[in-house]
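Peer 1: Would you mind keeping the following structure in view while I ask a few things?
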Amino acid sequence: MDANEHEGILAIFLAEAEDIVKGLFAQLEELQYGYDGQRILDDIHRGFHTLYGGAAVLELVELTECARLSERVMDRLRTRRIALSPSLVSLIVGATSAIEVMLSRLINHQTVNRIPDELRGRLLKAAGQAIDESKAKLEGSAPRSGDALLDVFFDAAAGGRSSAVNARPAATSGRALQSDAKLNTLLDSLYSPATSVVDKKLKSAPAAARVSEPQISDLVSELAWVRNRLMGFRAESEGDKLNKALAYLDLVTQDMERWLQRHQSGGQ
Amino acid sequence: MSDERSPDPFASTDVDSDSPARGASSLRDIRILVVEDFATMRRVMRNLLNDLGYARISEADDGSVALPMLHNQHFDLVITDLLMPEMGGLELLRVIRADSALRHIPVMIVTADAQREKILAAAQAGVDAYIVKPFTAAMLESKIRELFCTNTSKI
């Protein structure tokens, strides 16, 4: 792909990505009101997945990272491995806002910054990927998915990762896999070398420094965000929306209370 | 959404010693259906395939659009995304494999999803190749060649 082609495709991507982000905000609004039907969770996941795939192909590293982490969080949410909570919704809204800012900067040909460490840490945690810095350096700057085995397999097959988003070869051919024996052979080839590489990396890595629990400041920020929404609805004088927002405020408050109780009982 | 372009002149004169697909005089003449809901990725895929010399490319924006195209036109290869709104790539693959008129068509999944369970599900459903985004033209070419040059049953 030459520079002109890349520029043209980037323009298409940015226009499509903006539409996806608009759609995400509308869908997230439903989540904020406590609706977590499977369809909407799948749709939100697909939105982040599409952003991730496009950004990765176009080598937009910062956007790739944020979209990928968000996609991983949504995948866990839609498969019910984690439960929907106001703080989680707030986190996903924050990630979507960060993506929106990145897109805006790309459209204006400005430098795109990496997502803030605090947001990245919370996304990593929600994505089930609390990893230490040394492991992150070892594996490249892109966040690793929960399926690190496969990622490492790609690295091993490629003879090493050349960058955060490049050099991941095709995984496999599957036509030859239709018998159980051949499928087992595939799995052996996929996972055995990977496991050994993962083990090796983990053994060489220092003890993990876990991402910390949410800070009270995060929760207060969340509360302020809800408060601001309430102020906006008050201007519209729509009782129904106000009631829903108040219900959400109640959920956030309960979340804060539970968090405080947990930490107080833990001797904090 | 089919918008197959006229075959690239060089494709028909391409002297390719590799085995072409059925009805194709050379590997570059194969007809490819790209199934992808994201227009950016359809464009990227088309450009990459064009750069590689493949000119007979049609597009569908999800599995439900692809299926009637597969029944009404001849295709040698389907390249599909996994996650799409109406009918995803895995469902499309299963339908193709269950249809006696279509099951011979090689299917390549190109997705950002590298999850173990997705790859396994695709393998069990009979996928022919699985490429994880981001990918390069060389990867794509390598997989296409692998599909058409090492398995004579597809010819």
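Peer 1: Residues of segment B:94-114 being in a loop (DSSP other than H, G, I, E, B) and either of a type in the set (D, E, K, R) or crowded, with 18+ Cβ neighbours inside 10 Å (or both), which ones? Before the answer, list the steps.
Peer 2: Initial filter on segment B:94-114 (in a loop (DSSP other than H, G, I, E, B)): B:99-106, B:112-114.
Result: B:ASP99, B:ARG103, B:ILE105, B:PRO106, B:ALA112, B:ASP113, B:ALA114.
Peer 1: On to the next question. Counting just the residues of segment A:3-13 that are within 9 Å of chain B (Cβ to nearest Cβ) and farther than 14 Å from A:GLU59 by Cβ, which one comes out surrounded by the fewest Cβ atoms within 10 Å (Cβ to Cβ)? Don't jump to the end; show me each part of the working.
Peer 2: We begin by selecting, within segment A:3-13, every residue within 9 Å of chain B (Cβ to nearest Cβ); these are A:5, A:8-10, A:12-13.
Applying the additional criterion that residues be farther than 14 Å from A:GLU59 by Cβ yields A:8, A:12.
Details: A:GLY8: 14, A:ILE12: 17.
That would be A:GLY8.
Peer 1: Taking the conditions exactly as written (more than 18 Å from B:LEU48 (Cβ to Cβ) and assigned by TED's automatic domain parsing to the domain that holds A:LEU91), does A:LEU28 satisfy them or not? Show your work before the answer.
Peer 2: Details: more than 18 Å from B:LEU48 (Cβ to Cβ): yes; assigned by TED's automatic domain parsing to the domain that holds A:LEU91: yes.
In short, yes.
Peer 1: Taking the stated definitions as given, is B:PRO134 touching a strand residue (DSSP E or B) at 6+ places or on another chain (Cβ under 9 Å) and within 9 Å of another protein chain (Cβ to nearest Cβ)? Even if it seems obvious, please write down each step before you answer.
Peer 2: Details: touching a strand residue (DSSP E or B) at 6+ places or on another chain (Cβ under 9 Å): no; within 9 Å of another protein chain (Cβ to nearest Cβ): yes.
Judged against the criteria, B:PRO134 is not a match.
Peer 1: Taking B:MET84 as the residue in question, decide whether it is assigned to a strand (DSSP E or B) and either closer than 21 Å to B:PHE38 by Cα or within 11 Å of chain A (Cβ to nearest Cβ) (or both). Please lay out each step first, then the result.
Peer 2: On the way: assigned to a strand (DSSP E or B): no; either closer than 21 Å to B:PHE38 by Cα or within 11 Å of chain A (Cβ to nearest Cβ) (or both): yes.
Judged against the criteria, B:MET84 is not a match.
Peer 1: Moving to a separate point now. Which residue, of A:ALA55, A:ALA26, A:ALA83, is modelled with pLDDT of 90 or more and either touching a strand residue (DSSP E or B) at 6+ places or on another chain (Cβ under 9 Å) or more than 12 Å from chain B (Cβ to nearest Cβ) (or both)? Spell out the reasoning first.
Peer 2: On the way: A:ALA55 fails: either touching a strand residue (DSSP E or B) at 6+ places or on another chain (Cβ under 9 Å) or more than 12 Å from chain B (Cβ to nearest Cβ) (or both); A:ALA83 fails: modelled with pLDDT of 90 or more.
Every option except A:ALA26 fails the conditions.
Peer 1: If I go through segment B:17-53 residue by residue, how many of them are closer than 21 Å to B:ILE105 by Cα, part of a loop (DSSP other than H, G, I, E, B) and at pLDDT below 90?
Peer 2: 9
Peer 1: Further question: Among residues belonging to segment B:54-68 that are small (Gly, Ala, Ser) and modelled with pLDDT of 95 or more, point out the one that is nearest to A:ALA55 (Cα to Cα).
Peer 2: First, pick out the residues of segment B:54-68 that are small (Gly, Ala, Ser): B:55, B:58, B:60, B:63-64, B:66.
Then drop every residue that is not modelled with pLDDT of 95 or more, which leaves B:58, B:60, B:63-64, B:66.
On the way: B:SER58: 23, B:ALA60: 21, B:GLY63: 23, B:SER64: 26, B:ALA66: 25 Å.
Selected residue: B:ALA60.
The values are calculated or read from the model by the stated rules, or taken from the named source; none is laboratory data. Remember, it's a predicted structure, so these values are computed and weren't measured experimentally. All Cβ positions, glycine included, derive from the backbone under ideal geometry; neighbour counts span all protein chains shown.
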